[in-house]
Structure formats: C-alpha cells, structure tokens
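In what follows, a structure is listed as structure tokens, so that the remarks can point back to it.
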Amino acid sequence: MHERGMPVEVLFFASVPQISLYFRTPPNTQRGESHTLEHLLLGKGKAGRKLNTLMPMRMGDYTAGTHSDITNYQMSSAAGPTEFYELAETFLRALIHPDFTDEEVRREVAHYSVAEDSAALKLEEKGTVYNEMVSRMENPDSITWDQLGRMMYGPRHPLARNQGGDPPEIWKLTPQEIRDFHAAH
C-alpha cells in the first residue's frame, strides 16, 4: 500500500508490459476536477508533451477514464523492457509531477474564442472538457443517470455529483482548484 492509501498490486503474466493505476477521485463539486485532470496530466505541460512525443517512438499506448469515484490510467509498450521502463517513468512523472500552465488549464476546461462568421465576429464557447460534457449532457441516458445518482444518494453525496462536470459549473473551475484537487488525490 502506498503511503497515501493507494493500493499497489504487481501482477506478472505473459503479455505486453503494462501499467494500470486507479486513483480515488470522488468529486468535491460539479466542476469536473477529476475529469479535467484526466485531460491535463497526460497531455499538457512539458511532462505531458514529452510523454506524447515518446509514446509512438516506444510503441506505446495509453488510455484514461473518469468514473464516479475513481480515475483510471493505463499504459503499455510492445517495444521491449528497456523502452517500457523508460516510458513508464515518463508516464508516472506526468501523473505525479504535472507542470501544466494556468493557460493550458483554461483552454482545456472552458474559454471564449472569437470566430469569424462571414461578415461578423462572434464569441464561441470552447474547451475540450466543456465541449465533451455539453455533448454528453445532451444525451437522454446521461441526463437520466445524472438525475438517478442524486435521487439515490442525495444531492450532496460525492457519488451523486457529475464527475465529468456539469457544463455551467465547469466555467467556475480555476487552475488553483485543479492543482489543489491533484495534491489531495
């Protein structure tokens, strides 16, 4: 067991070398902190960019997923042990010691952008996390599950919150709140 409470299990079996990590990330708010970190940790800052540059060179692949109370990160490499360990170190460094900027957080979460529309300028709402959650919350199944969680657990329970972020609440998420959430989980 890791000193902060994360269970660590090592399994050996005949397969491509891989890592699967689960972090307990129950949402504190409806702002989507855990979902936002999923996007930021493996893709932004010097650490994330290094990982994404190295990944195809070492025949690697990764995936991440945010669930109601955990976030999962998986990585594998088919290149060989030396390459796997180099990639694993880079992967873990990106997860544990992120160095994304405030501007990267704002652009990943939600921001306005000016767009030209034939003869006029207009403001567009942008942000990877925001756009993903707007699209998801237009799906009737997502709306039903979101409401069902609040009915089952009550509106203040962490499992009743939208771990991906409620679109109007996503706009309130600040870079410091993301860093604080990372430090706590």
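The values are calculated or read from the model by the stated rules, or taken from the named source; none is laboratory data. Source: prediction; values computed, not measured. Because the Cβ atoms are built from the backbone with ideal geometry, glycine has one as well, and the counts that use them run over all protein chains shown. Remember, those area values only see protein heavy atoms, side chains included, never the ligands or the DNA or RNA. Shrake-Rupley method; radii C 1.70, N 1.55, O 1.52, S 1.80 Å.
Quick look at the values:
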item	result
Mean separation of Cα contacts under 8 Å, 6 or more apart, over the residue count of the range 16-109: relative contact order %	38
Reach of Lys122 by Cα under 30 Å, taken over lysines that are not fewer than 8 positions away in the same chain	Lys44, Lys172
Dipole moment magnitude, nearest 20 debye, the range 77-147 about Cα centre, only Lys, Arg, Asp, Glu C-beta charged	60
Peptide ranges 146-153, 131-138, 43-50, 13-20 listed from the most packed, as the mean C-beta count within 10 angstrom indicates	43-50, 131-138, 146-153, 13-20
Tilt relative to the chain, helix 81-96 - C-alpha long axis, 0 to 90 degrees, to 10	40
Diffusion constant of the chain at 25 °C, which comes from Stokes-Einstein with the Kirkwood Cα-pair radius and 0.890 mPa s, µm²/s	137
Share of carbon and sulfur in the accessible heavy-atom surface of the chain [1.4 Å probe, %]	54
Difference of contour (0.36 nm per residue) and Cα-Cα distance, Thr53 to Met151	30.8 nm
1.4 Å probe accessible area per residue over the range 29-80, in Å²	41
Amide H contacts under 5 Å for Ile70, placed H, 5+ residues apart	Thr25
Listed residues Val129, Gln74, Leu159: farthest to the positive end of the dipole of the range 7-160 (Cβ charges)	Leu159
Modelled FRET efficiency - R0 35 Å, Gln176 with Glu116, Cβ distances, 0.05 increments	0.55
Normalised contact order of the chain, rounded percent, pairs of Cα under 8 Å and 6 or more residues apart	29
27 Å Cα-Cα reach of Lys50 towards lysines, excluding residues that sit fewer than 8 places from it in its own chain	Lys126
Percent of Cα pairs exceeding the 16 Å cut-off, where the set is the range 85-185	69
